[in-house]
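The values are calculated or read from the model by the stated rules, or taken from the named source; none is laboratory data. Note that the structure is predicted; figures quoted are calculated from it, not measured. Every residue, glycine as well, gets a Cβ built from its backbone with ideal geometry; the counts of neighbours run over all protein chains shown.
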Amino acid sequence: MATTTASAVESVPIFSGGEWTEVSSNRAGDVFNPSTGRVIGRVPFCSAKQTSEVVEAAAKALPAWSETPVVERARLMFRFRALLEQHFEELAALVTREHGKTLAEARAEVNRGIEVVEYACGIPSLIAGDILPNIAADVDAEAVRHPVGVCVGITPYNFPFMVPLWMYPIAITCGNTFVLKPSEKVPLSSVRVGELLEEAGVPDGVFNVVHGDRECVDALLDHPKVAAISFVGSTAVAKYIYERGTAAGKRVQSAGGAKNHLIIMPDAEMDQTVKALAASAYGCAGQRCMAGSVAVAVGKAGDAVVEGLVDVASRMRVGPSDGNENIDMGPVIRAEHRDRVANYLDIAQEDGATVALDGRREFDSDGFLIGPSVVDRVRTTMRVWKEEIFGPVLSVVRASDLDEALAVGERCEYGNGAAIFTRSGYAARQFKRHFNAGMIGINVGVPAPMAWFPFTGWNRSFFGDLHIQGNESIQFYTRQKVTLTRWPKSDDSHLDPVWREDRK
Ligand code: NAD
């Protein structure tokens, strides 16, 4: 179980070329425990020069690592996985401490992250090439996968453990070296997991951690020795990363924000559906890119959904999560973010929506707490429908039929996840085929793909071609080389003369 030491303010180190170092930097940021509101760490904002040195360390390690047999690289992942399992509770407590999600949610996150390491353990099979013998007369063709080089990961605050693991286990096992720039709001989990990867035996410079804000990110985007960039974060930054990274000639996969719609048909099993809606909207205090943000209630489902949601949400136990398992929802990441989320309730009312449940209240804690809210009678012209709130606010749009519900999705600029709750196979099939989003749930409120499948955001939820995780990540972190081979029969000049005699 997590403990909070009031006086302990950690100085967060970088990891470069196999060395953990506390860098001195003109600029730094505070790391908070959102449950208490106290500062628990100081994270340096590395300069462009400091960042460049970390990339150089990764570049130096590349030739030897890319020549290391893939089965040995995979064995590193088996050892890493064992250590992650061994430290499971410690890691979950750390996620709760720096992020604020409940321990149950943190454990789920750690499980999802470990699954990516399990996927990476299978890379020797997944990375194998293709051969077509005799593609032309006496010519054999083969395609094999090579690493791309130094890869970079830039990650958001909402999954301090899992999102970095979406990237580097796969990149490294494919033979690349890696520089991780975790969110400056939650850098502690990445440091601890890096220590475990070091304990598992990762060679110096194969995995590195640098900290910072835009100056550090720009240095990574522009560095000539960086070959590929994986980004997860908000849409505005995702677009910027994609444009600047690709302009510098790098391959980029860049996942952005979301506004996920949950459609409730009148035939849905209402008790289970309302529980699933609440779990989707209020889990991790609404700070998930796959969180349900808009419930589209069709026909008579409208009143039942709103009444059920208000009932379930008003009974949720909201409080500090660090060291306390008896809560259903923890704080949001920062005081300013809580105030931003709260402000959306005023905006909704000004725009003509009805706040059916208002999560704003006094809490007996200095943590960044806000309760769950339900906003009814939302229209697609309103800011609460258009903008990503990223907090525990569920908007309800009323639609008269499935076609109208599908049209709501068509107007949404994002396209991460969407779910339908129904007993009708026809409605489910229409929704699956026609809803304008890349990850679909049918009676599943958070249809987040697990490690074996790509995270297929659409529209302004993703910039790039190859998504993170699954088979697309193997393609992203490798480049193919195709070889055509012909061995003429007459060519025996390389043979020893004795053997040439034998062949006559
Ligand atoms: P963010 O965009 O503010 O930050 C993400 C990363 O970008 C951080 O490492 C940060 O240091 C860096 N960054 C921030 N501003 C920058 C700038 N101007 N220039 C260069 N780098 C910058 O996102 P966040 O608030 O940490 O995370 C929440 C967002 O992430 C939400 O929008 C959420 O939907 C999204 N998200 C998306 C997915 C997905 O798979 N699509 C998954 C998780 C989170």
statement: When every residue in segment 200-240 that is within 16 Å of the chain's Cα centre (by Cα) and among the hydroxyl-bearing types (Ser, Thr, Tyr) is compared, the one surrounded by the fewest Cβ atoms within 10 Å (Cβ to Cβ) is Ser234
query: Got at least one residue in segment 87-97 being crowded, with 19+ Cβ neighbours inside 10 Å, of a type in the set (D, E, K, R) and part of a helix (DSSP H, G or I)?
result: yes
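Restricting attention to segment 344-376, and to residues there that are touching a residue at least 60 places away in the same chain (Cβ under 8 Å) and part of a loop (DSSP other than H, G, I, E, B), which single residue is nearest to Ser395 (Cα to Cα)?
Filtering segment 344-376 for residues that are touching a residue at least 60 places away in the same chain (Cβ under 8 Å) and part of a loop (DSSP other than H, G, I, E, B), the one nearest to Ser395 (Cα to Cα) comes out as Pro372.
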task: Could you please give the count of residues in segment 50-77 that are without any contact (Cβ under 8 Å) to a residue 12 or more places away in the chain and either within 27 Å of Glu184 (Cα to Cα) or not in a helix (DSSP H, G or I) (or both)?
output: 1
query: Restricting attention to segment 405-418, which residues are part of a helix (DSSP H, G or I) and either within 16 Å of the ligand (Cβ to nearest atom) or without any contact (Cβ under 8 Å) to a residue 24 or more places away in the chain (or both)?
result: Ala407
statement: When segment 452-467 is checked residue by residue, the ones that are among the hydrophobic types (A, V, I, L, M, F, W, C) and either crowded, with 24+ Cβ neighbours inside 10 Å or not in a loop (DSSP other than H, G, I, E, B) (or both) are Phe455, Phe462, Phe463
- request: Just need a number here: residues in segment 307-321 that are without any contact (Cβ under 8 Å) to a residue 24 or more places away in the chain and assigned to a loop (DSSP other than H, G, I, E, B).
  value: 2
- request: Please work out if Asp401 is charged (D, E, K, R) and either in the same structural domain as Asp130 (by TED's automatic domain parsing) or at pLDDT 95 or above (or both).
  value: yes
field: Residue match in segment 422-442 (condition: modelled with pLDDT of 95 or more, loosely packed, with under 13 Cβ neighbours inside 10 Å, under 29 Å from Lys386 (Cα atoms) and within 16 Å of the ligand (Cβ to nearest atom))
entry: no
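Can you tell me which residue in segment 66-112 is nearest to Val202 (Cα to Cα), limited to those that are among the small types (Gly, Ala, Ser) and touching a Pro at 6+ places or on another chain (Cβ under 7 Å)? So that I can check it myself, show each step before the final result.
Looking only at segment 66-112, we keep the residues that are among the small types (Gly, Ala, Ser), and these are 66, 74, 82, 92-93, 100, 104, 106, 108.
Then drop every residue that is not touching a Pro at 6+ places or on another chain (Cβ under 7 Å), which leaves 66, 74, 100.
On the way: Ser66: 13, Ala74: 11, Gly100: 30 Å.
Selected residue: Ala74.
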- request: Could you please give the count of residues in segment 285-331 that are within 22 Å of Ala106 (Cα to Cα) and either under 23 Å from the mean Cα position of the chain (by Cα) or among the small types (Gly, Ala, Ser) (or both)?
  value: 18
- prompt: Ala8: part of a helix (DSSP H, G or I) and either hydrophobic (A, V, I, L, M, F, W, C) or under 27 Å from His87 (Cβ atoms) (or both), yes or no?
  reply: no
Every residue from segment 260-306 that is touching a helix residue (DSSP H, G or I) at 6+ places or on another chain (Cβ under 9 Å) and free of Cβ contacts under 8 Å to residues at least 60 places away in the same chain: Pro266, Met270, Asp271, Val274, Lys275, Ala301, Ala304
- prompt: Does segment 229-244 contain at least one residue that is touching a helix residue (DSSP H, G or I) at 6+ places or on another chain (Cβ under 8 Å), free of Cβ contacts under 8 Å to residues at least 60 places away in the same chain and not charged (D, E, K, R)?
  reply: no
query: Any idea which of Val294, Val206, Val202, Val226 is aliphatic (A, V, I, L, M), within 16 Å of the ligand (Cβ to nearest atom) and in the same structural domain as Glu53 (by TED's automatic domain parsing)?
result: Val226
- request: For segment 251-268, enumerate the residues that are more than 20 Å from the chain's Cα centre (by Cα) and either of a type outside the set (Val, Ile, Thr) or within 11 Å of the ligand (Cβ to nearest atom) (or both).
  value: Leu262, Met265, Pro266, Asp267, Ala268
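Restricting to strands (runs of 3 or more DSSP E) lying wholly in segment 137-197: which have 1 or more residues that are within 15 Å of the ligand (Cβ to nearest atom)?
Working: elements: 139-147, 150-154, 177-181.
Answer list for segment 137-197: 150-154, 177-181.
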- request: Tell me which of these Thr246 doesn't satisfy, since it passes every other one: (1) within 15 Å of the chain's Cα centre (by Cα); (2) of a type in the set (Val, Ile, Thr); (3) more than 12 Å from the ligand (Cβ to nearest atom); (4) surrounded by fewer than 21 Cβ atoms within 10 Å (Cβ to Cβ).
  value: (1)
